[in-house]
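K.L.:
The structure's right below; bear with me while I get my questions together.
The values are calculated or read from the model by the stated rules, or taken from the named source; none is laboratory data. Bear in mind that the values here come from a model prediction, so they are computed numbers and not experimental data. Positions of Cβ are generated from backbone atoms using ideal geometry, with glycine treated the same way; all protein chains shown enter the neighbour counts.
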Amino acid sequence: MVVTKKVDIYTRKINYYDTDQMGIVHHSNYIRYMEEARIHMMDVENIGLDFVESRGLVIPVLSVESKFIKPAHFGEDIEIHTKFTKFNGMKFAFEYEMYNPETKELLNTGSSSHAIVKADLTPISLKRKHPDFYEKLVELYERDKDE
């Protein structure tokens with residue numbers, strides 16, 4: 001995976017509870033890190049969960065993928081590079097690259113895709129019902145798609 005679009009960078013410290021008996025980050029936590037980074041990016045772009053939920057919408061995960069390259073350990077920082085990669089009016093996606101900021105080593109790559117639906121999980125025409133949100137997503141996607 002090559003990062004070519006505008007990237008949001010989110011950094012967090014690895015906590016003891018993130019690790020397994022071997023002292024490395026448990027594989028399930030990389031999915032949590034992706035969520036933290038995605039929420040951070042959405043907040044930075046002024047389309048955070050408060051913005052989404054105030055419109056009676058939710059963004060459930062449709063798929064998630066994670067590839068482990070090198071382990072992260074307790075006490076280290078992890079730097080997550082997040083980019084907005086797809087938007088078709090009803091679904092959007094992100095890609096993630098996780099690095100050790102000291103060594104610059106790539107630790108993990110991943111992706112997630114999401115639907116935009118009403119709180120009762122029924123489909124919605126975002127463009128028609130919430131044009132402000134639709135336009136923000138279009139702008140984000142268009143801004144970054146050619147970089």
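K.L.:
For the range 68-90, enumerate the residues that are farther than 22 Å from Lys129 by Cα and either surrounded by fewer than 13 Cβ atoms within 10 Å (Cβ to Cβ) or more than 17 Å from the chain's Cα centre (by Cα) (or both).
P.N.:
Passing the criteria: Ile69, Lys70, Pro71, Ala72, His73, Phe74, Gly75, Glu76, Asp77.
K.L.:
For the range 91-116, what are the residues that are in contact with a Leu (Cβ under 7 Å, 6 or more places away or on another chain), farther than 14 Å from Ile69 by Cβ and of a type in the set (A, V, I, L, M, F, W, C)?
P.N.:
Answer for the range 91-116, where residues must be in contact with a Leu (Cβ under 7 Å, 6 or more places away or on another chain), farther than 14 Å from Ile69 by Cβ and of a type in the set (A, V, I, L, M, F, W, C): Phe92, Ala115, Ile116.
K.L.:
With farther than 25 Å from Pro131 by Cβ and of a type outside the set (A, V, I, L, M, F, W, C) as the only criterion, which of Glu45, Glu65 stands out?
P.N.:
Working: Glu45 fails: farther than 25 Å from Pro131 by Cβ.
Within the list Glu45, Glu65, the selection yields Glu65.
K.L.:
Given the residues Asn108, Asn100, which is the only one that is surrounded by 13 or more Cβ atoms within 10 Å (Cβ to Cβ), in contact (Cβ under 8 Å) with a residue 12 or more places away in the chain and in contact with a helix residue (DSSP H, G or I) (Cβ under 7 Å, 6 or more places away or on another chain)? Working first, answer last.
P.N.:
Numbers: Asn100 fails: in contact with a helix residue (DSSP H, G or I) (Cβ under 7 Å, 6 or more places away or on another chain).
That would be Asn108, the only listed residue that is surrounded by 13 or more Cβ atoms within 10 Å (Cβ to Cβ), in contact (Cβ under 8 Å) with a residue 12 or more places away in the chain and in contact with a helix residue (DSSP H, G or I) (Cβ under 7 Å, 6 or more places away or on another chain).
K.L.:
Is it true that Phe94 is at pLDDT 95 or above, under 21 Å from Glu142 (Cβ atoms), surrounded by 14 or more Cβ atoms within 10 Å (Cβ to Cβ) and among the hydrophobic types (A, V, I, L, M, F, W, C)?
P.N.:
Criteria met by Phe94.
K.L.:
Continuing with this model, one more query. Residues of the range 97-119 being outside any strand (DSSP E or B) and either among the acidic types (Asp, Glu) or modelled with pLDDT under 95 (or both), which ones?
P.N.:
Looking only at the range 97-119, we keep the residues that are outside any strand (DSSP E or B), and these are 100-105, 116, 119.
Passing the criteria: Glu102, Glu105.
K.L.:
How many residues are among the charged types (D, E, K, R) and either surrounded by 15 or more Cβ atoms within 10 Å (Cβ to Cβ) or in a loop (DSSP other than H, G, I, E, B) (or both) if we restrict to the range 13-34?
P.N.:
In the first step, residues of the range 13-34 are kept if they are among the charged types (D, E, K, R); the result is 13, 18, 20, 32.
Narrowing further to those that are either surrounded by 15 or more Cβ atoms within 10 Å (Cβ to Cβ) or in a loop (DSSP other than H, G, I, E, B) (or both): 18, 20.
The qualifying residues number 2.
K.L.:
What do you reckon, is Asp8 closer than 27 Å to Glu142 by Cβ and surrounded by 13 or more Cβ atoms within 10 Å (Cβ to Cβ)? Give the derivation first.
P.N.:
On the way: closer than 27 Å to Glu142 by Cβ: yes; surrounded by 13 or more Cβ atoms within 10 Å (Cβ to Cβ): yes.
Yes, satisfied.
K.L.:
Please specify each residue of the range 37-51 satisfying the condition of being surrounded by fewer than 16 Cβ atoms within 10 Å (Cβ to Cβ) and under 8 Å from the mean Cα position of the chain (by Cα).
P.N.:
Step one: filter the range 37-51 for residues surrounded by fewer than 16 Cβ atoms within 10 Å (Cβ to Cβ), giving 39, 43-44, 46, 48-50.
Hit for the range 37-51 is Ile39, nothing else.
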